[in-house]
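None of the figures in this text is laboratory data; all of them are computed from the coordinates on show. Quick caveat: nothing in here was measured; it's all calculated off a predicted structure. Here Cβ is always computed from backbone atoms with ideal geometry, including for glycine, and neighbour counts include all displayed protein chains.
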Amino acid sequence: TFVLSNPVTVTTITIGPSTAAAGTGNSLGECQTDTFAVSSPCGKAPPVICGTNTGEHMYVPVCDQCNEITSSFGSSSTATTSAFTVKITMVECTSKIKAPEGCTQYFTGTTGTLSTYNYQSGSGVLLHNQDYCACVRSERTTCSICYYSSTTTFFMSVPNAIAAIGALGFDTVCGVKGIGATYANGGGFDYITIPNGRCSSPPTTVATTVTVDRYCGTEFNCAQTTAIAGTPANTVCTNSKPFRVCVHSDNAEYSFPAADGEGTLANNRGFQLSYFQQTVCQANP
C-alpha cells in the first residue's frame, strides 16, 4: 500500500499509464488473485481492476486526506505474472488537463479511442463491478461527438441470452440486474451510457431515429426505426456535454443457454470505441 499526501492546491491525481495492473486471476471478470485499487476519501474512487492494463489511466479526486494505492497479489503470483508500474501526476485546480467532475478517464483530441479496463485489444474480459465514466474534452469549436465500433470490438452481455437482442446493440431495459420477470435468463445488466445518443444526423434520407442512453449486447448500434442510407448503424452521436461514456457491470455472468449467454468469454470481452468530434450539431429526432 502506498499513501499519497495531498497539497491543498492539488485537486486530482492521475495514475497511469500502467504496464501491468495485477496480472492474473480473471475468471470471466472476477479478480480472484490480484487486484489494484486507489482510494478517494473525498470523492468517488475508481473501480478495482486486475488483468493487463498497459497504457490505461485513472483520475482520482483528492482533498486534505490521503489517497492510498493498494495492490494485492495472490500466493501463486510471481514477479513475471504479477507486477505494476505507474506514473503519478498531481493536477492543479486550474490546470487545463484537469478532468471534469465524475470522470475517471479523460481523453483529448478531435479523434481517439477508449476501451474498458483489461480489454487487451479484444483478448481480455470485462471486469466485475465497474462503475465509472470515460470523458472526452470538447474542443473549442466542437458541437457534437460520434462514437463507432466494429462488430468485433463491443461485447457487453447478451440480454435474456437471446442473440437477436444482443445484436441489436441497445435496449430500453439494458441495466436489468439478475434474473426476473424482464429477463428470465439474466444477462441484461452490463451496459454503457451515452446521454441522448442517436444516429448521426441529419441523415442522407428521411428516416425516424430515437434517442437512447443505454447500450448493451454484442454489437454497438444507434436506435433507428428504418435504415438510414449513408449513416453506419454502428455510429452513435450526441450533443450532450461533457462528452462521456459511462461503464456499468455487475458481479454475475449468466450462462443460459450456454452457447448464447453472457457467461461465455466471447460475449463478455468489454469494448473499444473510436470517436470523432464535429463542429456541426446533431439534429434532434
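How much FRET efficiency would the formula 1/(1 + (r/R0)^6) give for residue 274 and residue 64, where r is the Cβ-Cβ distance and R0 is 45 Å, rounded to 0.05?
The calculated FRET efficiency here is 0.70.
Under the 0.36 nm per residue contour assumption, what length would be gained going from the current alpha-carbon distance of residue 182 and residue 129 to full extension?
16.9 nm
Can you work out ³J(HN,Hα) from phi for every residue in the range 99-116, in order, using Karplus 6.51 cos²θ - 1.76 cosθ + 1.60 and θ = phi - 60°, giving whole Hz and x for Gly and Pro?
Whole-Hz 3J(HN,Hα) from phi for the range 99-116: 6, x, 4, x, 9, 6, 10, 9, 10, 10, x, 6, 9, x, 9, 9, 8, 6.
Determine which aspartates and glutamates satisfy two conditions relative to residue 98: a Cα distance under 16 Å, and not lying fewer than 8 residues away in the same chain.
139
For a protection proxy built on the mean count of beta-carbon atoms within 10 angstrom, sort 233-245, 142-154 highest first, please.
Those peptides, ordered most packed to least, come out 233-245, 142-154.
What is the distance, in nm, between label points placed 7 Å from the Cα along the Cα-to-Cβ direction at residue 167 and at residue 210?
Label-label distance for residue 167 and residue 210, simple model: 2.0 nm.
Quickly work out the residue 85-to-residue 42 label distance, labels modelled 7 Å from Cα along the C-beta direction, and quote it in nm with one decimal.
Inter-label distance under the simple model: 3.2 nm.
Could you tell me which trypsin sites (Lys or Arg not before Pro) in the range 83-128 are loop residues by DSSP with no more than 14 other beta carbons within 10 angstrom of their beta carbon?
Counting only loop positions with at most 14 other Cβ atoms within 10 Å, the trypsin sites (Lys or Arg not before Pro) in the range 83-128 are 87, 96.
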